[in-house]
1. Sort 101-112, 143-154, 47-58 for me by packing, meaning the mean count of neighbouring Cβ atoms within 10 Å per residue, highest on top.
2. Using a 7 Å offset from the Cα along the Cα-to-Cβ direction at both Ala193 and Asp172, what is the distance between the two label points in nm, to one decimal?
3. Taking θ as phi - 60°, what are the ³J(HN,Hα) couplings along the range 48-62 by the Karplus curve (6.51, -1.76, 1.60), each to the nearest whole Hz, with x for Gly and Pro?
4. When the Karplus curve 6.51 cos²θ - 1.76 cosθ + 1.60 is applied with θ = phi - 60°, which whole-Hz ³J(HN,Hα) does each residue of the range 176-182 get, with x for Gly and Pro?
5. So what J values fall out for the range 15-21 if you push phi through Karplus, 6.51 cos²θ - 1.76 cosθ + 1.60 with θ = phi - 60°, rounded to Hz, Gly and Pro as x?
6. Based on Cβ point charges of +1 for Lys and Arg and -1 for Asp and Glu, what charge dipole magnitude is obtained for the range 1-69 about its Cα centre, in debye rounded to the nearest 20?
7. Using amide H atoms built 1.01 Å from N in the peptide plane, name the residues 5+ places from Val104, or on other chains, whose amide H lies under 5 Å from its own.
8. Considering only protein heavy atoms and a 1.4 Å probe, what is the carbon-and-sulfur percentage of the accessible area of the chain?
Amino acid sequence: MQLDDRDHEQIVADLATRYEGQFTREEVEAAVRRSRAHLEPNATIPDFLPVFVRRFARDELVHLAEERGLDPHGLHDVLFVCNGNAGRSQMAAAFANQLGAGRVRAWSAGINPMGQVLPDVVEAMREVGIDLAESYPKPVTGSATRAAETIVAIGVPPEQLPEQGAHLVEWDIAPVIGQGPETTRATRDDIRARVEELVEAISPSAPWTTTP
């Protein structure tokens, strides 16, 4: 499945306007093309593809701004990575953004991203007031790992992560795919507790130092 040329041009125009002064149109164009290359092979719903490409390209530009020291927000960037980015890392990033609002900014990605977030995960998070209905699995990229100050590898070997140089945390949490609602809820609660500890550890009052 491929993005329509008109949608492509509109995304580039919108992001070029949004980031005028930070990135050239050529850099925005490159980010959109990378986004398409990552997402088009696994796209299953045509109507959602333009939205997902826009979000992924925007995230890539945010990561690039962080690398260049152009991000004025001063938040601690955390990247959660699992295999499919359809369950564990999605829940972790959502909790981190909720619990660490104003202190951390969280992203998620997968080594082998699936086609969609698992329905049991969407429902389990809805039960605790977090909407993942419009979330989508994303591949881990070098720009994301370079921009992150902390990377949390959830059930994946760290050596599979590209260009990691941040503080690395490993969580041994089993996948929830095919495990049913009860196991998904138990994993959700486990992840929330871990995220609470993580956010507290990297809060401004007790920041972690990144590994050189």
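The values are calculated or read from the model by the stated rules, or taken from the named source; none is laboratory data. Bear in mind that the values here come from a model prediction, so they are computed numbers and not experimental data. Backbone-built Cβ (ideal geometry, glycine too); neighbour counts: all protein chains shown. For accessibility, only protein heavy atoms count, side chains too; no ligands or nucleic acids. Shrake-Rupley method; radii C 1.70, N 1.55, O 1.52, S 1.80 Å.
1. Numbers: 101-112: 20.2, 143-154: 22.9, 47-58: 18.2.
For the peptides 101-112, 143-154, 47-58, the packing ranking is 143-154, 101-112, 47-58.
2. Spacing of the two 7 Å Cα→Cβ label points: 1.6 nm.
3. Along the range 48-62, the couplings run 8, 4, x, 5, 5, 4, 4, 5, 5, 5, 4, 4, 4, 5, 5 Hz.
4. Taking θ as phi minus 60°, the curve returns 9, 4, x, 9, x, x, 5 Hz for the range 176-182.
5. Ordered by residue, 3J(HN,Hα) equals 6, 5, 5, 4, 10, 4, x Hz.
6. Values: 10 positive and 15 negative charges, 21 e Å.
Computed charge dipole of the range 1-69: roughly 100 debye.
7. Distant-sequence amide H within range of Val104: His76.
8. Values: 5060 of 10290 Å².
Looking at the chain in its full context, I get 49 percent from C and S.
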